[in-house]
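The values are calculated or read from the model by the stated rules, or taken from the named source; none is laboratory data. Predicted model only: the values in this text are computed from it and were never measured. Note that we place each Cβ from the backbone using ideal geometry, even for glycine, and neighbour counts take in every protein chain shown.
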């Protein structure tokens, strides 16, 4: 009886593993097909309904397969699309979820984008400052660190204020060159 029991457990285990793999691969294929449709014409703004569907697919995948290496990438893409279709608060959330994956190559960029979206799409200077300062604390040597520093220097300034400051610096630099 013991010998008969082992094959049935092994069979159940194989069926369980196979059933786990199939939905994951199926979702990946569905996502890939939807991406082809959504991004087929890069000259157009994506259809908001199709973009929402795409976001839902990305998030559903990330929710179901949290440990899969595609999950942070899909969350990053969801944030990018959400911001692109005018849903910056949703974008912040998706980029924030990417932070749960510290080894993912775009995690620093997702944090930078939280600051960028806060600053430019939500006009939330305090929120942007928090994200930018967090970025510099966590990634001081990242290739975006100088951009973050510049963003912090100009945070909350109008374009006119930035132009006046630039002109003043240029005049001071020109004056110092002429004095030499």
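In this structure, does residue 118 turn out to be touching a helix residue (DSSP H, G or I) at 6+ places or on another chain (Cβ under 7 Å), modelled with pLDDT under 95 and under 21 Å from residue 76 (Cβ atoms)? No. Residues of the stretch 74-96 include none that is modelled with pLDDT under 95, loosely packed, with under 12 Cβ neighbours inside 10 Å and in a helix (DSSP H, G or I). Within the stretch 79-95, residues that are farther than 18 Å from residue 62 by Cβ sit with their Cβ atoms under 6 Å from residues that are part of a helix (DSSP H, G or I) and at pLDDT 95 or above, at 6+ positions apart or across chains, in these pairs: 88/117.
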